[in-house]
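Participant: So that we are looking at the same thing, I have put the structure below in structure tokens.
Read the figures in this text as sums done on the coordinates, not as results from a lab. Quantities reported herein were computed from a predicted structural model and do not represent experimental measurements. Every residue, glycine among them, receives a Cβ derived from its backbone with ideal geometry; neighbour counts consider all protein chains shown.
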Protein chains: 2
Amino acid sequence: MTVGQSAGWIAVAGLGPGDEGLVTPEVTAALAEATDVIGYIPYVARIAPRTGLALHASDNRVELDRAAHALSLAAAGGRVVVVSSGDPGVFAMASAVFEALEAGPVEWRALDIRVLPGITAMLAASARAGAPLGHDFCAINLSDNLKPWALIERRLRLAAEADFAMAFYNPRSKARPEGFGRVLEILRETCGDERLILFARAVATAQEQLRIVTLGEAVLEMADMRTMVIVGSSQTRLIARPGAPILYTPRSAP
Amino acid sequence: MTVGQSAGWIAVAGLGPGDEGLVTPEVTAALAEATDVIGYIPYVARIAPRTGLALHASDNRVELDRAAHALSLAAAGGRVVVVSSGDPGVFAMASAVFEALEAGPVEWRALDIRVLPGITAMLAASARAGAPLGHDFCAINLSDNLKPWALIERRLRLAAEADFAMAFYNPRSKARPEGFGRVLEILRETCGDERLILFARAVATAQEQLRIVTLGEAVLEMADMRTMVIVGSSQTRLIARPGAPILYTPRSAP
């Protein structure tokens, strides 16, 4: 084994939601040592080019190919950072890398692999609005790209029955943009029209936009693929104040 | 209003789980500008003293008093950072600050209040073990200090029925250290003995210790107040490899 090969590693890193002030020093340090950065086009675009660093940007929906590519680069001695938005372990690249690892050559299992956590979208959106996830909550990916729609509906109904606050990733997939309308119907039926819902678009970027309405007022068009949606529990409240109100869930529950 | 008063603000900031490499630059910048840092003793102990900075450390279980103190300092013109471990919006100080804000003098509502997100314990623990939260999941505070035990049991059963991965904060409270034994019983009953469970103690500190077992092997003593517990969904898997195995949940569900 050459020195180059023994030095290879792979870090699956979260860049946070967009603002550089939300990128952890651990991730910044890994990027400074990397020979290769690999990821979805808009995430790789956030990395400053430099001599000795190869940027590998690929399209959406090729996560397994991208993961296998990253593992093979590390096996060949590269210091590889796979970049995700938010946190890599929440509906992002870490699981894809481990799927590829499990399916790939057994030698890959000896690689130095780390997951570097990041600020996931629901935490950034929650912070901007107040603290709607301050009590028990769940996180559901609303894309039915990799799971049956019936499972999404079942989880929504059980989460409502458990009175969790709910954070929704990918509310409007390209494949099924109208599915979110059905989600709103189920939520109105199970949680009632007065329940509070936050639409947080492009959080921690220049395009950030927050909107808090009731489920009775919520419509399909309030969400797009850049929107994080958070539905409060029955205890979630608004504090009126000068400027934007504060949305939060108290620490205690009856 | 004096200049001093108009310049006051309050930032509720997450310090992450322990490693300084997981503190965001946004939080570091707020701490550099602060006149006052306020929080639970071990979190305030993480802040380097400097001239012009007052450190206000208080004991556990006085969150509302601490929050009101922070708000009054900001109202008097202080630049106040309330520090939490992890993320302030997840079972931490942000909700307490908003409870105190709502109950306090109406003038407080005009204050400049920000929540600065951090790496919450479940994301750090998940990253260390692999990606057990890579699919739909829920987060439950197992302390029954501020909610009835019956609600915890109901949420556990519904979360198991929804086949969420589950992240548990505060598995063993001082007030009810044996309650976690009952949690393990309910989980074995609803998820079966073969379901995987991660005990992640003191993640991102020098005392870090990870243990992955099945529910059939899990016992009460594997958790203490510094332990984050993550139970996999039915799809969560282990990858055997040299050194520690990888625990992850694939992106797709049947």
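Participant: Two decimals, Cα atoms only, Kirkwood Rh: what is Rg/Rh over the protein assembly as shown?
Facilitator: Taking Rg over the Kirkwood Rh, I get 0.95.
Participant: Also, quick follow-up: Pairwise over distinct Cα atoms, reciprocal of the mean inverse distance: report the Kirkwood radius of region B:122-248 in Å, one decimal place.
Facilitator: That comes to 14.5 Å for region B:122-248.
Participant: Can you give me the P(r) profile for region B:3-119? Cα pairs, bins 5 angstrom wide beginning at 0, each as a whole percent.
Facilitator: Result, from short to long distances: 2, 13, 25, 27, 20, 10, 3, 0 percent.
Participant: Quote the relative contact order of region A:3-119 in percent (integer), defining contacts as alpha-carbon pairs under 8 Å separated by 6+ residues.
Facilitator: Details: 233 pairs, mean separation 50.2, N = 117.
Result for region A:3-119 is 43 percent.
Participant: Which percentage, to the nearest 5, of the DSSP beta bridges contained in the protein assembly as shown is antiparallel?
Facilitator: Details: 39 of 93 bridges.
Antiparallel: roughly 40 percent of the beta bridges in the protein assembly as shown.
Participant: Continuing with this model, one more query. Which cross-chain or sequence-distant (5 or more) residues have an amide H under 5 Å from the amide H of A:Asn141, H modelled 1.01 Å from N in plane?
Facilitator: Placed amide hydrogens put A:Tyr169, B:Asp136 under 5 Å from A:Asn141.
Participant: Would you mind telling me the antiparallel percentage of the DSSP bridges in chain B, rounded to 5? Write out the running numbers ahead of the final one.
Facilitator: Numbers: 18 of 45 bridges.
In chain B, DSSP labels about 40 percent of beta bridges as antiparallel.
Participant: In debye to the nearest 20, how big a dipole does region A:3-119 give about its Cα centre with +1 on each Lys and Arg Cβ and -1 on each Asp and Glu Cβ? Provide the component values of the computation, followed by the final result.
Facilitator: On the way: 7 positive and 13 negative charges, 36 e Å.
In total the dipole reaches around 180 debye.
Participant: OK, next. In percent, how large is the relative contact order of region A:122-248, given Cα pairs closer than 8 Å and 6 or more residues apart?
Facilitator: Relative contact order of region A:122-248: 31 percent.
Participant: How much FRET efficiency would the formula 1/(1 + (r/R0)^6) give for B:Asp193 and A:Ser252, where r is the Cβ-Cβ distance and R0 is 35 Å, rounded to 0.05?
Facilitator: 0.55
Participant: Please report the antiparallel percentage of DSSP beta bridges with both residues in region A:3-119, rounded to the nearest 5.
Facilitator: 5 percent
Participant: On to the next question. Scan chain A for the residue whose Cβ is closest to the axis carrying it onto chain B, then write down that distance in whole angstrom.
Facilitator: Closest Cβ to the A-to-B rotation axis, residue and whole-Å distance: A:Cys138, 2.
Participant: Normalised radius of gyration for region A:94-137, please: alpha carbon Rg relative to 2.2 N^0.38 Å, two decimal places.
Facilitator: Region A:94-137 yields a ratio of 1.80.
Participant: If you place +1 on the Cβ of every Lys and Arg, -1 on the Cβ of every Asp and Glu, and leave all else neutral, what size is the dipole of region A:64-168 about its Cα centre, to the nearest 20 Debye?
Facilitator: 180 debye
Participant: Let me ask something else about it. For a quick check: with amide H placed at 1.01 Å from N, whose amide H comes under 5 Å from B:Arg195's, ignoring anything fewer than 5 positions away on the same chain?
Facilitator: Here B:Leu215, B:Gly216 satisfy the definition.
Participant: Given label points at 7 Å from Cα along Cα→Cβ, what nm distances, shortest first, separate B:Met225 from the same residue in every other copy?
Facilitator: 4.7
Participant: Using θ = phi - 60° and the Karplus curve 6.51 cos²θ - 1.76 cosθ + 1.60, what whole-Hz ³J(HN,Hα) does each residue of region A:117-123 get, with Gly and Pro shown as x?
Facilitator: x, x, 7, 6, 3, 5, 6
Participant: Then there is this: By the scheme Lys and Arg +1, Asp and Glu -1, what is the net charge of all other residues having a beta-carbon under 11 Å from that of B:Pro25?
Facilitator: Charge balance near B:Pro25 sits at -3.
Participant: Now for a different question. Which residues does a label at B:Ala110 reach in region B:68-100, if reach means a backbone N under 18 Å from a point 7 Å past the Cα toward the Cβ?
Facilitator: B:71-79
Participant: Between B:Ala29 and A:Ser72, how high is the FRET efficiency from 1/(1 + (r/R0)^6) when r is the Cβ-Cβ distance and R₀ = 45 Å? Nearest 0.05.
Facilitator: Numbers: r = 39 Å, r/R0 = 0.87.
My answer for the efficiency is 0.70.
Participant: If I take every Cα pair under 8 Å that is 6 or more residues apart in chain A, average their sequence separation and divide by the length, what percent do I get for the relative contact order? The partial results should precede the final answer.
Facilitator: On the way: 502 pairs, mean separation 49.3, N = 254.
For chain A, the relative contact order is 19 percent.
Participant: Inter-copy label distances at B:Asp59, 7 Å along the Cα→beta-carbon direction, one decimal in nm, shortest first?
Facilitator: Distances to the matching label points in the other copies: 6.3 nm.
Participant: Here's something else I'd like to know. For region B:36-102, place one equal point scatterer on every Cα, skip the solvent, and apply the Debye formula. What is log10 of I(q)/I(0) at q = 0.21 Å⁻¹?
Facilitator: -0.83
Participant: Put a point 7 Å out from Cα along the line to Cβ at B:Val106; what are the distances to that point in the other copies, in nm, shortest first?
Facilitator: From this label point to the equivalent ones elsewhere in the assembly: 7.4 nm.
Participant: What lysines could a cross-link reach from A:Lys147, if we take a straight Cα to Cα line under 23 Å and drop same-chain neighbours fewer than 8 places away?
Facilitator: Counting by Cα, and skipping residues close in sequence, A:Lys147 has these lysines nearby: A:Lys174.
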